[in-house]
Amino acid sequence: MMAPLTVAGAARLREELENLKSVKRPAVINAIAEARAHGDLKENAEYHAAREQQGFIEGRIQELEYALSHAQLIDVATITAGTRVVFGATVDLADSDTGDEVTYKIVGDLESDIKQRLISISSPMARAMIGKHEGDSITIEAPGGNREFDIIAVRYVV
């Protein structure tokens, strides 16, 4: 199955992939070579740390290459869903109890980043919003109990 990915998200992932291949991978290879030069590898902490980091980098490279080659790229600028919430929407919400407002953009799983207010299409919050319109209310099952939000605005910005 092809996972949805915004064009901007794919560009960020390609940037990360390029950095891993051209900067981080060569740096860890140098660190391994330097640690090997210190002799006995059994008790060489730098060597083991560098090998562990190499495994992480190689795993992330494989994950990104797979995701990018199997992604369904969606250009948010071409979406014409109006006030209906679909993948790629930027949604302004207001907490029904407190009135606090928050904005989220619905993106693919790999590009989600809660600090940037990018939420995954498969998250409970996004699933509750999909198909709804401006003016609708949604209920989210949170660990502290149900929370209700009003959808104030829906827009499609890159």
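The values are calculated or read from the model by the stated rules, or taken from the named source; none is laboratory data. As the structure is a prediction and not an experimental result, all values here were calculated from the model. Cβ atoms come from the backbone with ideal geometry, glycine included; neighbour counts cover every protein chain shown.
From the list 130, 106, the one residue that fits, being surrounded by 14 or more Cβ atoms within 10 Å (Cβ to Cβ) and either in contact with a helix residue (DSSP H, G or I) (Cβ under 6 Å, 6 or more places away or on another chain) or among the acidic types (Asp, Glu) (or both), is 106.
For the stretch 76-95, taking the residues that are aliphatic (A, V, I, L, M) and assigned to a helix (DSSP H, G or I), the one that is nearest to residue 20 (Cα to Cα) is identified as 76. Contact list please: Cβ distance under 7 Å, first residue in the stretch 78-99 and within 25 Å of residue 2 (Cα to Cα), second residue crowded, with 18+ Cβ neighbours inside 10 Å and modelled with pLDDT under 85, pairs at least six apart or on different chains. That search, which allows pairs on different chains as well, returns 88/76. Being assigned to a loop (DSSP other than H, G, I, E, B), under 30 Å from residue 154 (Cβ atoms), of a type in the set (Val, Ile, Thr) and under 21 Å from the mean Cα position of the chain (by Cα), is that true of even one residue in the stretch 61-75? No, the stretch 61-75 contains no residue that is assigned to a loop (DSSP other than H, G, I, E, B), under 30 Å from residue 154 (Cβ atoms), of a type in the set (Val, Ile, Thr) and under 21 Å from the mean Cα position of the chain (by Cα). Take the conditions at positive phi, at pLDDT below 95 and under 22 Å from the mean Cα position of the chain (by Cα) and apply them to residue 88. Does it pass? So residue 88 passes the test. Of the residues making up the stretch 128-158, those that are part of a strand (DSSP E or B), under 17 Å from residue 97 (Cβ atoms) and of a type in the set (A, V, I, L, M) are 138, 140, 142, 151, 152.
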